[in-house]
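These notes are about the structure you will find just below.
The values are calculated or read from the model by the stated rules, or taken from the named source; none is laboratory data. From a predicted model like this one, the values you see are computed outputs, not experimental measurements. Neighbour counts run over all protein chains shown; Cβ positions are idealised from the backbone, glycine included. The protein model used for the area step is the full one, side chains on, heavy atoms only, and it has no ligands, DNA or RNA in it. Shrake-Rupley method; radii C 1.70, N 1.55, O 1.52, S 1.80 Å.
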Amino acid sequence: MTLLEIDSVTKEFDGDLTVLRDVSLTVRPGELVWLRGRSGAGKTTLLSLAGLLSSPTHGTVRVDGAEVGTASRAAEVRRSRIGFVFQKPLFLPALSTVDNVMLPSPLPHSEARAAADQLLTRFDVGSRADHRPGLLSGGEAQRVALARALMNDPALVLADEPTAGLDAETAALVRTHLAELAHEQRAVVVASHDDGFADVATRSVTLRNGELTDA
Amino acid sequence: MRDSRLIRGELLRTLRRHWAMPLFLVLLVGFVVVARGPVADARASATALGTGDGSLRTVSVWANTPDGRTPLTGKRIREIGRLPGVVAVTPYDSDSVEVYLADDQKRDDPRVLTLHPWTAAHPRLVSHGDSTDPERLAANEIVLADGFAGRSARQLVGREVVVLHTPIERVERSPDGGEAAHGGEPRELRLTIAAVHDDSLGSLDGPGSAYVNPKLAAELHAGSRATTVERLYATEGFDSLQVEVGSAEQVGDVQRQLREAGLYSASITSQLRALSPALSLLDTVGSVALWLVVGLALVFGLAMGTQRVRSRLPEIGLLKALGFSEGRIFRVLAGELFAVGSVAALLGVSLGALVAVVVSGAASLQPLTMALLLPLPGTALVVGALIPLSYARRLPPDSVLRHG
Ligand SMILES: Nc1ncnc2c1ncn2[C@@H]1O[C@H](COP(=O)(O)OP(=O)(O)OP(=O)(O)O)[C@@H](O)[C@H]1O
Ligand SMILES: [Mg+2]
């Protein structure tokens with residue numbers, strides 16, 4: 001059973017810049033795929049296709065075996081099946097940290113709040129719950145973003161540079177957390193320059209000149 | 001997470017940081033409450049007076065003009081009666097008469113009252129009594145001042161008074177070339193008190209005035225002038241007239257025509273007009289202020305909507321990336337603006353109500369206007385922001401990746 005199926009995908013920007021060329025990738029539940037590639041290779045572009053944030057110029061992306069047609073259907077799948085950790089952590093400044101984490105939750109307020117607190121504690125930022133997100137340190141923000149990505153209990157977790165800017169110890173912690181997610185039978189794709197993922201990834205792929213190779 | 005939490009968070013942020021436009025709406029809404037409460041109240045009662053109160057439709061005309069005497073004869077009266085806008089013309093000469101209560105007041109202790117014809121200008125003065133048809137007073141009725149002979153209105157209405165009066169039957173030329181009045185025997189006229197008037201209301205004729213049917217007044221006047229009513233109309237003329245005009249608006253016009261006819265006239269309405277430009281300016285502003293609220297909120301909505309969408313592209317992208325539907329994005333953004341407008345309206349209505357109550361009491365408040373004002377700014381903000389908001393709802397979700 002495959003959860004994410006990227007099939008012969010090409011992504012062009014502005015008609016002439018081809019970032020991805022005939023890329024295929026399948027990810028099963030329990031897998032942690034480490035996506036490598038130099039800066040500008042197209043990792044974020046590939047993750048955004050996988051996360052249904054954009055659509056391919058050619059080829060198909062399937063989540064849970066179904067191709068996603070309309071924009072509203074894509075939003076529905078993002079809400080129910082996908083957790084995304086963005087390369088630059090972004091929060092709504094009007095809300096507290098814990099409210100930001102609760103954003104994707106479909107649960108009633110008190111249950112969502114309990115679940116959010118639990119996730120924040122799990123990533124060791126429980127004491128920051130009621131802070132403004134603007135006051136978080138870079139590493140704290142990364143972990144809060146990870147907590148938010150799990151708020152809707154996603155089957156597919158996509159993390160873009162989740163350990164960038166973290167000290168070695170915290171980075172190791174985040175890698176362990178991502179490995180745990182794979183153990184929980186989620187499908188996890190991590191784009192990262194962090195070689196530490198060699199130890200936790202079940203598989204690694206590399207983007208080079210718009211093409212994806214196993215390595 | 002419920003949308004209301006999102007909206008509340010952004011509302012507080014807006015009120016903390018971008019309060020200039022909301023504050024402007026607060027002040028404007030407050031102004032509308034005051035303008036349409038106390039100010040409109042003043043205007044409404046003025047309008048009611050203008051249409052309901054004959055004194056504002058009345059023009060006084062005098063025979064004595066600055067350049068000599070223009071006798072107000074029957075011919076003159078008919079001419080004036082034909083002027084456009086004129087409803088009725090009544091001779092308005094007054095006389096001092098002796099009056100006492102018929103039953104218990106001693107006839108050798110009468111009060112001296114100034115007797116006037118009862119015209120359309122007077123019903124307003126009635127403070128007690130039969131006002132079912134205040135326009136007309138029967139030939140055997142009289143209206144006199146509250147407190148006449150030390151009696152209260154309740155004690156006076158319905159009782160009879162005696163008016164001392166000397167009627168003239170005919171005037172004859174005497175052999176020496178002069179004229180002599182015949183029949184001038186003093187008579188007692190019994191009249192019923194139909195109503196009492198209140199001098200404190202600002203009577204046109206001063207304290208001590210009494211009013212009778214115009215025809216009777218003319219007879220009494222002829223008697224005191226030692227002539228007949230017929231001769232007054234035919235040759236001698238009256239000293240003054242009251243001209244009743246169809247509406248207060250026509251008063252100026254009628255006065256102009258009277259001036260052109262060489263007659264000197266005056267009216268309460270023209271005196272009020274001279275005072276009113278400031279009031280009518282305030283009133284005009286008050287009546288357009290509601291539309292000003294709508295117009296300004298529309299413009300603010302466009303400005304705030306554009307500014308918000310532009311500065312919050314990554315945030316909107318984030319909500320989209322998290323799976324918020326287009327409709328939900330729109331609802332959240334529109335909800336924020338509606339909340340900002342409604343809070344501004346609530347503050348403005350409260351502020352305006354406070355001012356209105358302090359200035360002219362709780363009765364001046366206009367609940368309907370205030371209720372209408374509450375949802376108005378919020379709705380107009382949303383409508384004004386429709387274009388930027390519908391742009392925002394269609395933003396691609398990956399805008400979160402490129403603007404963060
Ligand atoms: N919307 C876009 N329009 C035009 N060009 C784009 C767009 N998005 C990405 N690109 C280009 O596509 C290429 C790949 O970008 P991408 O962000 O996917 O790289 P990356 O592998 O994630 O790099 P990094 O490791 O630095 O994050 C870049 O050259 C970038 O400029
Ligand atoms: Mg990237």
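Residues whose amide H falls under 5 Å from that of B:T73, counting only those 5 or more places apart or on a different chain, are B:F238, with hydrogens built in the peptide plane.
Within chain A, antiparallel bridges make up roughly 50 percent of the DSSP beta bridges whose residues both belong there. Residues of the range A:51-95 that bury at least 40 Å² of accessible area once all protein chains are present, compared with their chain alone (1.4 Å probe, heavy atoms only, ligands and nucleic acids left out), are A:L53, A:R78, A:R79, A:F86, A:K88, A:L90, A:L92, A:P93, A:A94, A:L95. Once the C-beta distance of B:L354 and B:V87 is scaled by a Förster radius of 41 Å, the resulting FRET efficiency is 0.35 to the nearest 0.05. Legend: residues A:D130, B:D95, sorted from most to least accessible area (1.4 Å probe; ligands, DNA and RNA excluded), read A:D130, B:D95. Here the spin labels are modelled as points 7 Å beyond Cα on the Cα-Cβ line, and at A:T202 and A:T70 they lie 3.4 nm apart. Sparsely packed loop sites in the range A:129-215 (the GluC sites (Glu not before Pro) outside DSSP H, G, I, E and B with at most 16 other Cβ atoms within 10 Å) comprise A:E184. Under 5 Å from the amide H of A:G83 lie the amide H atoms of A:L156, A:V157, A:L158, each residue being 5 or more positions distant or on a separate chain, with H modelled from the backbone and absent for Pro and chain starts.
A simple charge model with +1 on the Cβ of Lys and Arg, -1 on the Cβ of Asp and Glu and nothing else charged puts the dipole of the range A:4-214 at about 240 debye relative to its Cα centre. Report the calculated FRET efficiency for B:A363 and B:V285 (r = Cβ-Cβ distance, R0 = 35 Å), to the nearest 0.05. Computed FRET efficiency for B:A363 and B:V285: 0.95.
Under 5 Å between amide hydrogens, built in the peptide plane, is the criterion, and for B:A210 it picks out B:T114, B:L115, B:H116 among residues at least 5 positions away or on other chains. Volume per residue for the protein assembly as shown equals 223 cubic angstrom (convex hull of Cα atoms). Karplus-derived 3J(HN,Hα) values for the range B:146-156, using 6.51 cos²θ - 1.76 cosθ + 1.60 with θ = phi - 60°, are 4, x, 4, 6, x, 9, 7, 3, 4, 6, 8 Hz; glycine and proline are entered as x. Residues in the range B:291-304 carry Karplus couplings, in order, of 6, 5, 4, 4, x, 5, 5, 4, 5, 4, x, 4, 5, 5 Hz; the curve used is 6.51 cos²θ - 1.76 cosθ + 1.60 with θ = phi - 60°, and Gly or Pro positions show x.
Rounded to the nearest 500 deg cm²/dmol, what is the calculated helix-only ellipticity per residue at 222 nm for the protein assembly as shown, with -39500 (n - 2.57) per DSSP H run of length n ≥ 4?
Values: 22 runs with 263 residues, N = 619.
Roughly -13000 deg cm²/dmol at 222 nm, from the helical runs in the protein assembly as shown.
Remark on the range B:386-403: accessible area falls by at least 10 square angstrom from chain-alone to full-complex state for B:P397, B:D398, B:V400, B:L401, B:R402, probe 1.4 angstrom.
Within the accessible area of the range A:23-62, what % is carbon and sulfur when the probe is 1.4 Å and the other protein chains stay in place?
43 percent
For the range A:4-214, the relative contact order works out to 32 percent when only alpha carbon pairs closer than 8 Å and six or more residues apart are counted. What a 1.4 Å probe finds exposed on the range A:72-215 is 48% carbon and sulfur by accessible area, rounded to a whole percent. Rounded if a/c is under 1.5, else prolate if a/b beats b/c, else oblate: with a ≥ b ≥ c from the C-alpha gyration tensor eigenvalues square-rooted, which is the range A:4-214? Prolate, because a/c is 1.5 or more and a/b exceeds b/c. Entry comment: accessible area of the protein assembly as shown is 46 Å² per residue, from protein heavy atoms only and a probe of 1.4 Å.
How many Å² of accessible surface get buried when A and B come together, counting both sides, probe radius 1.4 Å, rounded to the nearest 100?
Its buried surface, counting both partners, is about 2300 Å².
GNM remark for chain A: springs join alpha carbons under 10 Å apart, and the peak mean-square fluctuation among A:V144, A:V63, A:V77 falls on A:V77.
Within a straight-line Cα-Cα reach of under 24 Å, B:K215 can be paired with the following lysines, leaving aside sequence neighbours fewer than 8 residues apart in one chain: B:K75. Phi angles across the range B:79-90 convert, under the Karplus curve 6.51 cos²θ - 1.76 cosθ + 1.60 with θ = phi - 60°, into 3J(HN,Hα) values of 4, 4, x, 8, 4, x, x, 7, 9, 8, 10, 10 Hz, Gly and Pro given as x. The apolar share of the surface of the range B:254-404, taken as the fraction of accessible area on carbon and sulfur atoms (1.4 Å probe, ligands and nucleic acids excluded), comes to 72 percent. If you run the Gaussian network model on chain A, springs between alpha carbon atoms under 10 Å, then out of A:A182, A:A94, A:A191 the most flexible one is A:A94. Which residue fluctuates the most in chain A, going by a Gaussian network model with Cα springs under 10 Å, if the choices are A:T44, A:T170, A:T18? Looking only at A:T44, A:T170, A:T18, the largest GNM fluctuation is found for A:T18.
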